[in-house]
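Novice: The structure's right below; bear with me while I get my questions together.
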Amino acid sequence: MNKHTLAVIVENKPGVLTRVATLFRRRCYNIDSLTVGTTENPGISRMTIVVEGDGKVIEQVIKQLYKLIDVIKVIDITSESAVDRELVLIKVKADNSVRADIVQLVDIFRARIVDIGRSSLIVEATGDRGKIDALEDSLRPFGIIELVRTGKVAMVRGTK
Amino acid sequence: MKGAEILLHCLQKEGVDVVFGYPGGAVLPIYDALYDSSIKHILARHEQGAVHAADGYARASGKTGVCIATSGPGGTNLVTGIATAFMDSIPMVVFTGQVSSPLIGKDAFQEADITGITLPITKHNYLLERTEDVARIVKEAFHIARTNRPGPVVVDLPKDLMEKIIDFEDTDDPVQLRGYRVMKGVNSGQIITAAEMINQAQRPVIYAGGGVIASGAAAELKEMAEKMKIPVTTTLMGMGAFPGVNYLSLGMLGMHGTRYANYAIGECDVLIAVGVRFDDRVTAKIEHFAPNASIIHIDIDAAEIGKNVDVNVPIVGEVKEALQALIPRLQTREELSEWHQTISRWKDEYPLRYGKSSEGRIMPQHVVEKICELTQGEAIICTEVGQNQMWAAQYYQYKEPRTFLSSGGLGTMGYGFPAAIGAKIARPDMKVIDIAGDGSIQMNIQELGTAVQYKVPVIICILNNHFLGMVRQWQGLFYSGRYSFTDMSHQPDFVKLAEAYGAVGIRVTKNEEIEGALQAAFQVTDRPVIIDFWVEREANVYPMVPPGGSPLNMLGGEDDE
C-alpha cells in the first residue's frame with residue numbers, strides 16, 4: 001500500500017471537516033493523518049491528508065473530494081518535490097540518572113525540551129515523518145508516558 | 001421582509017409553482033407566509049409521501065422538486081426520500097425547519113441534526129445562519145440541485161431566522177461557488193478516439209442509463225443508434241431513454257434483463273456506456289461483464305469513470321453534448337447484418353415469456369401487458385419495489401423519457417404511489433399509473449388522503465399475490481423454500497380501504513375482468529382508483545442472473561413454466 005499526500009484546498013466554513021471525514025468513512029478510504037488549518041486567505045483552509053491506497057483508490061479519492069461543493073482544489077503532492085513537516089510532543093520518563101542521555105539525544109535530533117518535571121521531560125520536535133519516527137524510537141527505551149503528533153503538513157517547493 | 005417571505009419570493013424566482021409538504025412547529029413562519037402565497041402547496045399525509053411526490057414531480061417534469069417539512073421527526077421522515085433521490089440523481093431542494101438558533105445544540109424539542117444526518121445522502125446541504133443569506137443560499141441550492149449530475153440539496157431553516165425581519169433588496173447576482181463549476185464541452189480528442197472505435201466495431205452495443213434522460217439526450221441517442229444500426233439496451237433508470245418498440249431495442253439488461261440484452265453485452269466488441277454507473281444489478285460479477293469489449297464511457301460525473309470497471313475511452317461531460325459531438329463523426333451504416341442476425345436469433349429463441357397459472361389465476365405479467373396495450377405505451381408508469389417493479393420494466397414498452405418512475409438505486413418500497421401523485425400534478429395531461437405490490441402499497445397507503453383531497457386521478461394497480469413476492473422468490477430459490485415472514489395474507493380489503501378514503505376501489509380476480517376494470521379506471525377524473533388484481537401467488541420474475549452468477553447463465557424463462 002502506497003501512502004499519498006493530498007493537499008486539499010477548501011472553503012473555511014463550518015462543517016467542511018465533517019464533510020471530508022464523512023466521505024472517507026463512507027467510501028472506506030483509510031486516512032493515515034489529516035491536518036487542517038487556515039491559509040494566507042482567511043476564506044480558505046488547507047487540509048493535508050495522508051491516505052493509503054493504490055493509484056486507482058487515490059484517483060477515486062481525488063474525484064470524490066472534488067464532488068464536495070466546499071472543496072476548491074486537490075493536489076496530490078506525493079511525487080512532487082515538497083517540504084513536509086510534522087510536530088510531536090513526547091513526555092518521557094527522566095529521572096536524574098538518565099536526564100543527560102535524553103538531553104544529548106534531543107540535541108542530536110535538533111529537538112527541544114519545553115518542560116521539565118520532577119521525573120519527566122516534554123520534548124518537542126519538528127521534522128519529516130522519518131525523523132519523528134526515529135526520535136520516538138530513540139526515546140522509547142526511557143519510557144514514553146504520553147505522545148502526540150500533529151500529522152503531516154506539506155508544501156510544494158519552488159514557485160509552483 | 002420576514003425571512004419566510006424572502007424564502008417564498010426566492011422560490012418564485014426559481015420558477016417553483018408547487019411544493020409538497022407537511023407543517024409543524026418549526027416551519028410555522030414559512031406556512032404563515034404560504035397562506036398568502038400564489039405557490040401551490042400540496043399537503044401530504046406523511047413527510048415521506050411529500051418527499052417522494054416532489055421526486056415524482058421532478059422526474060416527470062424535468063424540473064426541480066421542492067418539499068418542506070418541520071424540524072426533528074419531520075426531517076428524519078424525509079431521509080428515505082432524500083436518499084432515494086440521491087441514488088437516482090434527481091434534482092430536488094428540500095427545506096426543513098430547525099429549532100430557533102439559540103436552541104440549536106441544546107437538544108431542544110423536535111431538534112435533530114438534519115444537516116449532519118443527510119450529509120452522505122445529499123449533493124450538498126446548508127444550515128442557515130443569517131436571514132441575510134436566504135436569497136444566496138436558495139439560489140445556490142437550486143443551481144447545485146439541477147446542474148451537472150443532479151441531486152437533492154437540503155436547506156435547514158431555524159425558526160427565528162424565518163421570523164426575523166430585515167431590509168431585503170433583491171439582486172440578480174450570479175451564483176459564485178469556487179468549488180463548483182458547471183461542466184461545459186467535451187474533450188474532442190476522446191470523441192475522435194471513440195468515433196474511430198465505433199466506426200470499426202463489428203458487434204457494438206449501446207448501454208444507456210438515467211444520464212441520458214437527465215441530460216435530455218434521448219433524441220441524440222436514437223439518432224446515433226439508428227445512424228449506425230447499433231442495438232440499445234437500457235438500465236432500469238434508462239427505461240424510456242430509447243423506445244422499447246424500436247427494432248434496435250434490446251430492452252433492459254442485468255439481473256432481470258432480457259437474455260438477448262445480456263448475451264449481446266457478453267459478445268459485443270465495443271460497448272458504448274452512456275450515462276450509466278455500472279451498478280452491480282447490471283453487471284453481476286464484474287469479471288463476466290462485457291469481457292470481449294472495449295468500453296467507451298460517457299458520463300458527467302468524473303468519479304463514475306473507473307469506479308466499478310476500467311474503461312478504454314472515458315468521456316466526461318454532458319451526455320447530450322458528447323453525443324452531439326460524436327454523431328457527425330460516425331459513419332452511416334446500412335446494416336450490421338451478421339451481428340443483427342445473431343441478435344434476432346437470440347430474440348426468437350429467448351423472448352421474455354411467462355407460464356400460465358395452474359389454477360386459472362391472473363398472471364401478473366399479463367396485467368402489465370394489458371396496461372401497456374390499453375395505454376398504448378403512453379402513460380407515466382410509477383412502480384414500487386420488488387416483483388411489480390421488474391414486471392413493469394419487462395412487460396411495458398416505454399416510448400418516451402420521463403414515463404417510467406422507479407426507485408432504481410435505493411430500491412425504496414412505498415415510492416411509487418406518492419411519486420405518481422407528484423407526476424400527475426406535473427403532467428395532468430398524462431395517464432399516471434402506479435404498478436404496485438400488496439406489500440409496497442401499504443408503506444405509503446396514507447397518501448390516498450392526499451390524492452383524494454386534491455382530486456389527483458392516479459390509478460394504483462396492485463399486483464396482489466399476498467406475498468412480499470421478491471423476497472419470497474429468493475427464499476424459494478436460495479433458502480430451500482423457507483418463506484420466512486413473507487406471507488402477507490393478512491391484509492386490508494383494498495377496495496373497502498379505497499372507498500373509506502373516498503377513492504374508487506375495484507377488485508379483479510379473473511382475466512376477463514382486467515380490461516373492463518382498467519377502462520373503468522380511465523374514466524375516473526376526479527379521484528384516485530385502486531385496482532386490486534388478485535394474481536398467481538408464486539409467480540417468479542424471470543429470467544434472472546443468480547447472485548454471483550454470470551449474465552450468460554440466466555435462470556428461468558426458457559419455456560412456459
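Only the coordinates and a few stated rules stand behind these numbers; no lab work does. Quick caveat: nothing in here was measured; it's all calculated off a predicted structure. Heads up, the Cβs are rebuilt from the backbone with ideal geometry, glycines too, and the neighbour counts pull from every protein chain shown.
Novice: Based on the inverse mean of 1/r over its pairs of different Cα atoms, what is the Kirkwood hydrodynamic radius of the protein assembly as shown, in Å? The partial results should precede the final answer.
Specialist: Numbers: mean 1/r = 0.0354 Å⁻¹.
This gives a value of 28.3 Å.
Novice: Now, a different point. Between B:Q12 and B:E349, what is the label-point separation in nm under the 7 Å Cα-to-beta-carbon projection?
Specialist: Inter-label distance under the simple model: 6.5 nm.
Novice: For chain A, take the longest principal axis of its alpha carbons; what is the angle in degrees between that and the long axis of helix A:129-139, to the nearest 10 within 0 to 90?
Specialist: 30 degrees
Novice: On to the next question. Add +1 for every Lys or Arg and -1 for every Asp or Glu among the other residues with Cβ under 11 Å from the Cβ of A:D115, and state the total.
Specialist: On the way: positive: A:K91, A:R112; negative: A:E124.
Spelling it out: positives minus negatives among the neighbours equals +1.
Novice: How compact and how long is segment B:188-349, expressed as Rg and Dmax of its alpha-carbon atoms in Å?
Specialist: Over segment B:188-349's Cα set, Rg and Dmax evaluate to 13.9, 41 Å.
Novice: Which is the longest run of chain B containing none of the chymotrypsin sites (Phe, Trp or Tyr not before Pro) found in DSSP loop states (not H, G, I, E, B) with at most 12 other C-beta atoms within 10 Å?
Specialist: On the way: sites that count: B:Y35, B:F109, B:Y247, B:Y479, B:F485.
Between exposed loop sites, the widest span is B:248-478.
Novice: Still on this structure, please answer the following. Could you size up the charge dipole of chain A around its Cα centre, putting +1 on the beta carbon of Lys and Arg and -1 on that of Asp and Glu, and report it in debye to the nearest 20? Please report the intermediate quantities before stating the final value.
Specialist: On the way: 25 positive and 21 negative charges, 97 e Å.
Once rounded to the nearest 20, the dipole reads 460 debye.
Novice: What is the order of B:V138, B:V51, B:V495, B:V504, fewest Cβ neighbours within 10 Å to most?
Specialist: Numbers: B:V138 25, B:V51 34, B:V495 16, B:V504 21.
In order of increasing Cβ crowding within 10 Å: B:V495, B:V504, B:V138, B:V51.
Novice: Quick check on segment A:1-100: take the gyration tensor over C-alpha atoms, sort the square-rooted eigenvalues as a ≥ b ≥ c, and tell me if it's rounded (a/c under 1.5), prolate or oblate.
Specialist: Values: a/c = 2.17, a/b = 1.68, b/c = 1.29.
Cα axes put segment A:1-100 in the prolate bin.
Novice: Would you work out which of A:V20, A:M155, A:P141 lies farthest towards the positive end of the dipole of chain A? Charges go on Cβ: Lys and Arg +1, Asp and Glu -1.
Specialist: A:V20
Novice: I've got another one for you. Binning at 5 angstrom from zero up to the longest distance, how are the C-alpha pair distances of segment B:3-163 distributed in percent?
Specialist: Reading the bins upward from 0: 2, 11, 22, 26, 23, 13, 4, 1, 0.
Novice: Between B:Q202 and B:K184, what is 0.36 nm times their sequence separation minus the Cα-Cα distance? Round to one decimal in nm.
Specialist: 3.3 nm
Novice: Hey, if you put +1 on the Cβ of every Lys and Arg and -1 on every Asp and Glu Cβ in segment B:351-484, which of B:L374, B:S480, B:M413 ends up farthest toward the positive end of that dipole?
Specialist: The residue sitting farthest along the positive end of the dipole is B:S480.
Novice: For the Cα atoms of chain A, what angle does the longest principal axis make with the long axis of helix A:96-108, in degrees from 0 to 90, nearest 10?
Specialist: 40 degrees
Novice: What is the ratio of the Cα radius of gyration of segment B:364-534 to 2.2 N^0.38 Å, with N the residue count, to two decimals? Don't skip to the answer; put the middle values down first.
Specialist: Numbers: Rg = 15.0 Å, N = 171, 2.2 N^0.38 = 15.5 Å.
Normalised Cα radius of gyration, segment B:364-534: 0.97.
Novice: So, one more: After finding the eigenvalues of the alpha carbon gyration tensor for chain B, what semi-axes result from the square roots of 5 times each, listed largest first in whole Å? Present the calculation step by step, with values, prior to reporting the outcome.
Specialist: Details: eigenvalues 302, 201, 76 Å².
Equivalent ellipsoid of chain B: 39, 32, 19 Å, largest first.
Novice: Test of understanding: ordering B:I296, B:I42 by Cβ neighbours within 10 Å, fewest first, what list do you get?
Specialist: On the way: B:I296 28, B:I42 23.
Ranking B:I296, B:I42 by Cβ neighbours within 10 Å, fewest first, gives B:I42, B:I296.
Novice: Show that you can apply the helix-only estimate: for chain B, add -39,500 (n - 2.57) for every DSSP H stretch of four or more residues, divide by all residues, and state [θ] at 222 nm to the nearest 500. Show your work: numbers first, answer last.
Specialist: Working: 22 runs with 197 residues, N = 561.
Using -39500 (n - 2.57) per qualifying helix, the result is -10000 deg cm²/dmol.
Novice: If I model a spin label as a point 7 Å beyond the Cα along the Cα-Cβ vector, how far apart are those points for B:Q376 and A:E124 in nm?
Specialist: So the label points at B:Q376 and A:E124 sit 8.2 nm apart.
Novice: What does the charge dipole of segment B:3-163 about its Cα centre add up to, to the nearest 20 debye, if the Cβ of each Lys and Arg holds +1 and the Cβ of each Asp and Glu holds -1? Walk me through the numbers on the way to the answer.
Specialist: Working: 13 positive and 18 negative charges, 119 e Å.
Computed charge dipole of segment B:3-163: roughly 580 debye.
Novice: Further, regarding this structure: Can you sort B:K399, B:K455, B:K139 so the residue with the fewest Cβ neighbours within 10 Å comes first?
Specialist: B:K455, B:K399, B:K139
Novice: By the scheme Lys and Arg +1, Asp and Glu -1, what is the net charge of all other residues having a beta-carbon under 10 Å from that of B:P418? Could the numbers behind the result be given before it?
Specialist: Values: positive: B:R45; negative: B:D55, B:D434, B:E447.
With Lys, Arg at +1 and Asp, Glu at -1, the net is -2.
Novice: Give the shape of segment B:127-220 as rounded, prolate or oblate, defined through the alpha-carbon gyration tensor: a ≥ b ≥ c are the square roots of its eigenvalues, a/c under 1.5 means rounded, and otherwise the shape is prolate if a/b is larger than b/c and oblate if not.
Specialist: On the way: a/c = 4.44, a/b = 2.97, b/c = 1.50.
The shape class here is prolate.
Novice: Give me the net charge for the shell around B:A517: Cβ to Cβ below 13 angstrom, other residues only, Lys and Arg +1, Asp and Glu -1. It would help to have the intermediate numbers written out before the result.
Specialist: Details: positive: B:K370, B:R507, B:K510; negative: B:E512, B:E513, B:E515, B:D532.
Around B:A517, the charge tally is -1.
Novice: Taking the dipole about the Cα centre of segment A:3-76, with the C-beta of Lys and Arg at +1 and of Asp and Glu at -1, give me whichever of A:V57, A:S45, A:L6 is farthest to the positive side.
Specialist: Checking the options against the dipole of segment A:3-76, the answer is A:V57.
Novice: Turning to a different aspect of this structure: In segment B:327-370, which GluC sites (Glu not before Pro) fall in coil by DSSP and have 11 or fewer other Cβ atoms within 10 Å? Before the final figure, lay out each step's value.
Specialist: Details: sites: B:E334, B:E335, B:E338, B:E349, B:E359, B:E369; in loops: B:E334, B:E335, B:E359.
Here the sparse-neighbourhood loop sites are B:E334, B:E335, B:E359.
Novice: Quick one: putting +1 on the C-beta of Lys and Arg, -1 on the C-beta of Asp and Glu, what dipole do you get for segment A:3-76 around its Cα centre, in Debye to the nearest 20? Walk me through the numbers on the way to the answer.
Specialist: Numbers: 11 positive and 8 negative charges, 58 e Å.
It comes to approximately 280 debye.
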